[in-house]
Amino acid sequence: MKRKLALTAILSALLLTACTGGDSSYSSQSGENSQSKIDTEIDSDKNTPSESSDPESELSKTEEAATETADSGEPEYVTPPLDPKDLEGIDDLDNLYGPDGEKVDKYTITNINYGYDDEGNQDKTKWFNADCVGFAYYSEPQGFSYNSVDNADLLDKENWRFNVEELSNHDYKRCAVGDIICGLKVSYVSSMFGTANADTNYMISDDTLVYGREFDFPEIFFLGSTINFEGSLDMTGYIFICPEDEGYDARGDIFFTPDKESCVLPVVNFSFGTEKGIFTRCYTITHDGEFFFMSEYPSIYAGNIFRSELDFADYPIGEPIKVKLTADNISMESNVDWITRTQFVITDIEKLG
């Protein structure tokens, strides 16, 4: 099984640490075609089930630490903010802005990573990312989802795209623990901000490595957010079960794409462009080069049939299957340096058609 991901003009930092979408060749904000396209293909010779991490156990690690929102509406921090003394002498922290355009109080920072001077001493003037465990950003879904079964007439398979109008950019909102979003209660939130590093190599869409100084990055920019939720949602769409181990995908891994009517999850999907700033990117993804989909949710991982409590004996491997399912233990993460990913646990499933 070959699983490919087509991205267009995506900037991927190699050395940074970290309710109701358009074709990957579109800028969802400007509508202009991007310069070029990456086709990433990962192959593997493995043929047995992998012991990759179980999303249910991984998600529980963060949910165990979650707290409720205070009556005042202010977030109760799972990780307390840093002592103000730890931030002294870092003037550019006064210029933190979220993707909603609102200024971020530097005293909400819960962790900061610094660089080092030539002698190996920590240098606060060379900080490169800051975490805020207390709030995150998301947007409402727009019902943007296409696949090669329901929308075969719109698929341009040769060029890896669906011939549809571009996705308009999402309006980003800020949330905290205890907020209700699209019928789900927020149980954990975090955000990350980073500095543009002149000496960092950035990989652009034609696989060229370019130093940060060659880009017109702002001094500080938003890197991404993570949100975990309590509650469940019913959705319809297509699952695809991986037939063999390939790269990061294990035999039996389940991937889900909702149909238009089931774009009910919040959207946590951020990309960064030097001219556009933060924007929502759509991706065209294929499994086995036959089932294609494009969505404002780039990739939704729904567990593995070999570790599920449900019976998948009647679900064929290696082909799209129309289903109705209940999703629980939902987690969403997006970082402009890495691929956006949503994951959940299927607690009930029914084959349709």
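The values are calculated or read from the model by the stated rules, or taken from the named source; none is laboratory data. Keep in mind that what you see is a predicted model, and the values were worked out from it rather than measured. Methodologically, a virtual Cβ is constructed for each residue, glycine included, from the backbone with ideal geometry; neighbour enumeration extends over all protein chains shown. The accessibility values were calculated without ligands, DNA or RNA, using every heavy atom of the protein model including side chains. Shrake-Rupley method; radii C 1.70, N 1.55, O 1.52, S 1.80 Å.
Observations, loosely collected:
- For the range 271-279, the criterion of being among the basic types (Lys, Arg) and surrounded by 22 or more Cβ atoms within 10 Å (Cβ to Cβ) is met by no residue.
- Yes/no for Thr342 being out of contact with any Lys or Arg (no Cβ under 6 Å at 6 or more places or on another chain) and modelled with pLDDT of 90 or more: yes
- The range 136-169, residues that are open to solvent by less than 30 Å² (accessible area, probe 1.4 Å), in contact with a Leu (Cβ under 9 Å, 6 or more places away or on another chain) and in a loop (DSSP other than H, G, I, E, B): Pro141, Phe144, Ser148, Val164
- The set of residues in the range 295-332 that are outside any loop (DSSP other than H, G, I, E, B) and of a type in the set (Phe, Trp, Tyr) contains only Tyr301.
- Among residues of the range 73-99 that are surrounded by fewer than 10 Cβ atoms within 10 Å (Cβ to Cβ), those with a Cβ under 7 angstrom from a residue that is at pLDDT below 85 and not polar (S, T, N, Q), sequence gap 6+ or separate chain, pair up as Gly89/Lys124.
- Among the residues of the range 173-183, those identified as surrounded by fewer than 22 Cβ atoms within 10 Å (Cβ to Cβ) and not small (Gly, Ala, Ser) are Lys173, Arg174, Cys175, Asp179, Ile180, Ile181, Cys182.
- Count of the range 288-301 residues which are within 15 Å of Ala152 (Cα to Cα) and modelled with pLDDT under 75: 1
- Screening Gly115 on (1) within 24 Å of the chain's Cα centre (by Cα); (2) more than 28 Å from Leu265 (Cα to Cα); (3) open to solvent by less than 30 Å² (accessible area, probe 1.4 Å); (4) not charged (D, E, K, R) shows it passes everything except condition (1).
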